[in-house]
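The values are calculated or read from the model by the stated rules, or taken from the named source; none is laboratory data. A quick note: this is a predicted structure, and the numbers were derived from the prediction, not measured. For neighbour counting, all protein chains shown are included, and Cβ atoms are generated from backbone atoms with ideal geometry for every residue, glycine included. We work out accessible area using only protein heavy atoms, side chains counted, and drop any ligands, DNA or RNA first. Shrake-Rupley method; radii C 1.70, N 1.55, O 1.52, S 1.80 Å.
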Amino acid sequence: MQASTDHERRCYCGKLYQTISSLGRHTRGCPAFSDDCQRFLRLLAYLEPGPVPGDLFRRALFPFRKWNENGNESRERPFQLPDIFSDEGRLVKAVMDAIDTHAVRVTIGSSVPHGDPWWAHRNFELPESSRTFIQNSVDCLSGQLDSARLVFHGFPISDLDVGFVEKGNALLPSVVPLLQKFPVDKLLPGELPSTIEVCISMSHFGDHDFKEHVLAVAETLAGRIGPSPLDFSIALRKATLALANGQMVSVWPSLGLDRKGNSQRAEAVLFRAQQCIELGHLSEAWKLVGQWTPFHAAQPSSLETVMSSRLDLMKGKLHRFQGNFGAARQYLEPLSTQYPPTRVQFSARLHLIAVYTELGLWEKAQTVADSIEVASGRQRRLYRLAQAELLLSRVLCGFEEDLPPSKGLFTEIVSEYEGLGGVPSGKTMRRNFFRACFGLAVIGHLQRRGQGLFGALGTLSGWELAYRASRECLVVAEGFPDLICHLAMAQVQLSSVAVQSGPSLERARQIWAELTSQGLEQRFCFTNLGTRWVDMVSEWLEASGCPRIVSQWGGTAGNAREGD
């Protein structure tokens, strides 16, 4: 420890002394000056600024979890962590010494699961003066490496950690500044594969620039170890991000003939199936998901079991998108109740809410909605959007008391997306923004029906907003969402000024003709928005003497809407 200036006559507990001798007397009895507490505080200093979850330190006591070549979970210690993590008693004492001497600020973190120490669910933060002092007292490279290794050891791995989203979001504020100055060339060869896997997991968080940066780090590290299955994992994540931004990328590599390679093959199948959905080719997506099976069907590996769940979710989505709601239930219901919960459970429940809504099973839909726990701002927005659409679907079936809460939710969601900064980034966020604008347009249409020209102008304004949001969904050609907007605007124009044919109606006819000629199976867009609204607008147009443009919503008898 250097102590040659006024600034440096400071103890690790944060107290400042006028002389070196007075500092020396203090440190002889200060718990924060112990070797282990110093190590704990040094790690915090390079994980700053901002609160650091105590769970990160708790996780370092246990081996790193990853998928091995057999597709099962393995536990190892690939990272060279400070020896304080070799003994739980030493770590606990260091943490308590830091707390008792007020060397750290302590704030409430997440709730305490059964069996975990209470401090693991607190956040720790150093005062700025202490952070600067410690960084000036420790070799910078050594401090950065120790903190980076701690983060890589403790960051959750996709499909292994139940709390993947929650834990990843909690660590993100510490990860972003750390990676900007990450000494990638100083990691040991044995640390590289696990570091790459963590970088891939990190790419599920943050904004687009961060995701690209962390994948670039993974590519740099992969270049140091030569060809490996990790190259495919990196390529798939990059392709998935490209798809989310409206780009089509081909991913179909040659993979190993083992359980791990078979699991990666399932990931490639899922990616290509999603591409088919984006293009409206649902039959092709079905062919793809039917091609994959576990390496040994009777004894699938743990990772293959995860892949099977993700493929079942895809099958449930495809059934829902094709209007086969009864069949969709058979896949989505088991996924929504799995214990322990899997990563697909949140998405399965959102889709199941929509399926129950289409079948008129309101109580079941609300029960599923009430069971959802959100772990991020993104999940909260998706949950509220599903709840708003559930209420709107009830409104369309005559439950008028649900109109005010539905309108309130849609209004808040639109404002929140707009508050994120202009047009939402990424195809998924843009589509969700459109769904919220669409919901508001439907409600405005219902409220202003029969109010004459003034009401018609307000309704048209809402549909123009929804149409603009649809055109910003990174899809070049107009499709079913645009068609529905044009139909709704045509109905308003027809009812208010008795125009039998206008630009909106003609454009709706053109879009329908183009989609029909292309043979695209995009009825799923109707289910995303609710089939009831399409039917209602079409019936209103027919009642006004306009021939039906969109074919009557089809489906087998087994998919008819049910009552409770």
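When restricted to residues that are open to solvent by 10 Å² or more (accessible area, probe 1.4 Å) and either β-branched (Val, Ile, Thr) or touching a residue at least 40 places away in the same chain (Cβ under 8 Å) (or both), the range 202-213 contains 3. Counted as qualifying within the range 425-506 are the helices (runs of 4 or more DSSP H) with 2 or more residues that are modelled with pLDDT under 85, closer than 29 Å to Phe399 by Cα and open to solvent by 60 Å² or more (accessible area, probe 1.4 Å), namely 452-471. When you check Trp512 against the structure, is it under 36 Å from the mean Cα position of the chain (by Cα), within 18 Å of Ala477 (Cα to Cα) and at pLDDT 70 or above, yes or no? When the stated conditions are applied, Trp512 passes them. Selection of the range 324-353 for residues being crowded, with 18+ Cβ neighbours inside 10 Å and free of Cβ contacts under 8 Å to residues at least 12 places away in the same chain yields only Gln345. For the range 118-150, a tally of residues being more than 15 Å from Arg39 (Cα to Cα), surrounded by 18 or more Cβ atoms within 10 Å (Cβ to Cβ) and not small (Gly, Ala, Ser) returns 3. Within the range 28-40, take every residue that is open to solvent by 20 Å² or more (accessible area, probe 1.4 Å) and out of contact with any Ser or Thr (no Cβ under 8 Å at 6 or more places or on another chain) and give me the one that is nearest to Pro173 (Cα to Cα). Among those that are open to solvent by 20 Å² or more (accessible area, probe 1.4 Å) and out of contact with any Ser or Thr (no Cβ under 8 Å at 6 or more places or on another chain), it is Arg39. If you scan the range 238-253, which residues turn out to be in a helix (DSSP H, G or I), open to solvent by less than 30 Å² (accessible area, probe 1.4 Å) and either closer than 20 Å to Val184 by Cα or out of contact with any Gly (no Cβ under 9 Å at 6 or more places or on another chain) (or both)? Listed by number, the residues that qualify are Ala239, Ala242, Leu243.
Annotation for the range 258-269: no member residue is open to solvent by less than 20 Å² (accessible area, probe 1.4 Å), within 30 Å of Asp146 (Cα to Cα) and in contact (Cβ under 8 Å) with a residue 12 or more places away in the chain.
Does at least one position in the range 98-105 carry a residue that is of a type in the set (D, E, K, R) and in contact (Cβ under 8 Å) with a residue 12 or more places away in the chain? Yes, the range 98-105 contains a residue that is of a type in the set (D, E, K, R) and in contact (Cβ under 8 Å) with a residue 12 or more places away in the chain.
On the given criteria, is Tyr356 at negative phi, open to solvent by 50 Å² or more (accessible area, probe 1.4 Å) and hydroxyl-bearing (Ser, Thr, Tyr)? For Tyr356, the condition - at negative phi, open to solvent by 50 Å² or more (accessible area, probe 1.4 Å) and hydroxyl-bearing (Ser, Thr, Tyr) - is not met.
Scanning the range 397-424 for residues that are open to solvent by less than 50 Å² (accessible area, probe 1.4 Å), under 30 Å from Leu361 (Cα atoms) and not small (Gly, Ala, Ser) returns Asp402, Leu403, Leu409, Phe410, Ile413, Val414, Glu416, Tyr417.
Among the conditions (1) touching a residue at least 60 places away in the same chain (Cβ under 8 Å); (2) within 19 Å of Ala148 (Cα to Cα); (3) in contact with a Leu (Cβ under 9 Å, 6 or more places away or on another chain), Asn245 misses just one, which is (2).
Among the residues of the range 41-77, those identified as open to solvent by 20 Å² or more (accessible area, probe 1.4 Å), among the hydrophobic types (A, V, I, L, M, F, W, C) and farther than 30 Å from Glu128 by Cβ are Phe62, Trp67. For the range 517-531, a residue qualifies if it is at pLDDT 75 or above and open to solvent by 20 Å² or more (accessible area, probe 1.4 Å), and exactly one does: Ser517.
Whenever a residue of the range 111-123 is closer than 15 Å to Lys167 by Cα and at pLDDT 55 or above, its partners that are of a type in the set (Ser, Thr, Tyr) and open to solvent by less than 60 Å² (accessible area, probe 1.4 Å), lying with C-beta atoms within less than 7 angstrom and at least six residues away or across chains, give the pairs His121/Ser110.
Arg320: open to solvent by less than 30 Å² (accessible area, probe 1.4 Å), over 20 Å from Asp159 (Cα atoms) and basic (Lys, Arg), yes or no? So Arg320 fits the description; yes.
Mind telling me which of the residues Pro53, Pro63, Pro31 ends up being in contact (Cβ under 8 Å) with a residue 40 or more places away in the chain and either aromatic (Phe, Trp, Tyr) or touching a strand residue (DSSP E or B) at 6+ places or on another chain (Cβ under 9 Å) (or both)? Matching residue, one of Pro53, Pro63, Pro31: Pro53.
Here is a yes/no grid of residues against (1) of a type outside the set (S, T, N, Q); (2) in a loop (DSSP other than H, G, I, E, B); (3) closer than 30 Å to Glu478 by Cα:
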site	(1), (2), (3)
Phe210	yes, no, no
Leu270	yes, no, yes
Trp292	yes, yes, no
His296	yes, yes, no
Leu303	yes, no, no
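Residue-wise test of (1) charged (D, E, K, R); (2) part of a helix (DSSP H, G or I); (3) under 16 Å from the mean Cα position of the chain (by Cα); (4) buried (at least 17 other Cβ atoms within 10 Å of the Cβ).
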| position | (1), (2), (3), (4) |
| --- | --- |
| Leu171 | no, yes, yes, yes |
| Leu179 | no, yes, no, yes |
| Phe182 | no, no, no, yes |
| Glu191 | yes, yes, no, yes |
| Ile196 | no, yes, no, yes |
| Ile200 | no, yes, yes, yes |
| Val217 | no, yes, no, yes |
| Ala222 | no, yes, no, yes |
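Checking the stated criteria, Asp161 turns out not to satisfy the condition of being more than 26 Å from the chain's Cα centre (by Cα) and either surrounded by fewer than 21 Cβ atoms within 10 Å (Cβ to Cβ) or under 21 Å from Pro173 (Cβ atoms) (or both).
Looking only at residues in the range 293-307 that are in contact (Cβ under 8 Å) with a residue 24 or more places away in the chain and within 25 Å of the chain's Cα centre (by Cα), the one that is surrounded by the fewest Cβ atoms within 10 Å (Cβ to Cβ) is Ser302.
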